[in-house]
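Working notes, beginning with the structure itself.
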Amino acid sequence: MDEVINVLKEIGAELQSNPEYGQVILAPIEVLGVDSFADSAVIIKARIGTVASKQWWVGREFNRLMKNKFDQLDIEIPFPHQTIYFGVDKKDNAPSAHVSVQS
């Protein structure tokens, strides 16, 4: 947890030192800490103050930098996992499963 918070602060500082983004960031990133827990997620709340109407632009760049940094440091972003157990017959054989993904 502490590693992630430190990484978020580093990314915020990097973004603020960027000439393009830094001119619209009003203050250093403020990491408020662990806000809540959800299914397959730990929510860490942070904020970056920007000039009016630039928050989405800065936020998208922050998210891009964060994903790249997490990948580089092998910090996993959790996602739901599901294990399906079909059981076994009397001879301890498990039935085959045919799976297809539809969206």
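The values are calculated or read from the model by the stated rules, or taken from the named source; none is laboratory data. Everything numeric in this text was worked out from a predicted model, so none of it was measured. So basically every Cβ, Gly included, is an ideal-geometry build from the backbone, and we count neighbours across all protein chains shown.
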| task | Confirm whether ILE77 is surrounded by 10 or more Cβ atoms within 10 Å (Cβ to Cβ) and modelled with pLDDT under 95. | result | yes
| message | When the residues of the range 1-38 are narrowed to those that are among the small types (Gly, Ala, Ser) and assigned to a helix (DSSP H, G or I), which ends up surrounded by the most Cβ atoms within 10 Å (Cβ to Cβ)? | response | GLY12
| request: State the number of residues belonging to the range 58-101 that are of a type outside the set (A, V, I, L, M) and assigned to a helix (DSSP H, G or I). | output: 12
| remark: Checked SER53, SER100 against criteria (hydroxyl-bearing (Ser, Thr, Tyr), over 22 Å from the mean Cα position of the chain (by Cα) and at pLDDT 95 or above); the one match is SER53
| said: Checking the conditions here, which among ASP35, ASP39, ASP74, ASP89 is touching a Lys or Arg at 6+ places or on another chain (Cβ under 9 Å) and among the acidic types (Asp, Glu)? | reply: ASP35
| task | Would you be able to tell me the number of residues in the range 39-57 that are in a loop (DSSP other than H, G, I, E, B), touching a Phe, Trp or Tyr at 6+ places or on another chain (Cβ under 9 Å) and exposed (fewer than 13 other Cβ atoms within 10 Å of the Cβ)? | result | 1
| request: May I ask you to list pairs of residues, at least six apart or on different chains, whose Cβ atoms are under 7 Å apart, with the first in the range 75-89 being touching a residue at least 24 places away in the same chain (Cβ under 8 Å) and the second being assigned to a loop (DSSP other than H, G, I, E, B)? | output: PRO78/SER40; PHE79/SER40; PRO80/ASP39; PRO80/SER40
